[in-house]
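Notes follow once the structure below has been shown.
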Amino acid sequence: MDASKLVDEVLGLLRDGRGRTLLGLAGAPAAGKSTLARYLVDQVQCRLGPGTAAYVPMDGFHLSNVQLERLGLSSRKGSAPSFDVWGYVALLERLRSPGGHPVYVPDYDRVLDEPVAARHLVAPTARLVLTEGNYLASGEPGWRRARGLLDEVWFLDAPDPLRERRLIARQLAGGRDAAAARAWITGNDHPNGEVVKATRGDCTRVITVEDLPPNG
């Protein structure tokens, strides 16, 4: 499928006169979720105008390193328990009921290795909110509530070898050497990915890498 057809599909979800549409994009680590989400938001705004679509990354709800250490989760960063799922739910509830004012959204900074506040903005004029993250189709408590607030959840399916290359590059860029990068991926990213891949069948639609924009 041509990537522009995905934009057409997204536009087809918009609910004229019925409030804001919340679309989720799930997928295993390094599947290309953020790249695709940003592309779709940019393309919707190209067609409908600035401020009509907004990007909301679930990764902004990573727990801080201090909290991960307190909980004994430092070695499992990126697993479902390492997120503030109820904070994410509260944000989705706020976005589901627009109040005529801007909503500021946190992000995760890979350079700082920490979440940061208010990096993204959802304008009152946003008709589409596109949120992406690993666990959007999970049936676990909290995540199930988040899923119920989304109109649809699409799953981005990328081959494991491709994700592996991206994960290695990500860890090397973050300062780990080759051995430490491999150990982190084996002990953390792989098990997280298997949990996420098991939710594929619970998503509204599956997108493959052939659907992605260039460099997606």
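A short reminder: the numbers here are calculations on the coordinates, not readings from a lab. Quick caveat: nothing in here was measured; it's all calculated off a predicted structure. Don't worry about glycine lacking a Cβ; one is built from the backbone with ideal geometry, like all the others, and counts go over all protein chains shown.
A few comments on the model shown:
- Label-point separation, VAL209 to SER74 (7 Å along Cα→Cβ), nm: 3.4 nm
- Expressed to the nearest 5 percent, the antiparallel share of DSSP beta bridges inside the chain is 30 percent.
- Within the chain, helix-based [θ] at 222 nm, where runs of 4 or more DSSP H residues each add -39,500 (n - 2.57), nearest 500: -11000 deg cm²/dmol
- HN-Hα J in Hz across the stretch 106-117 - Karplus 6.51, -1.76, 1.60, θ = phi - 60°, x for Gly and Pro: x, 9, 10, 9, 6, 6, 6, 6, 8, x, 10, 7
- Anisotropy class of the stretch 1-90 from Cα gyration tensor, a/c 1.5 cut: prolate
- Candidate values (1) 18.5, 57; (2) 16.8, 54; (3) 16.8, 48 were compared with Rg and Dmax of the Cα atoms in Å computed on the shown model; the agreeing label is (2).
- With contacts taken as Cα pairs under 8 Å at a separation of at least 6 residues, the stretch 3-206 carries a relative contact order of 32 percent.
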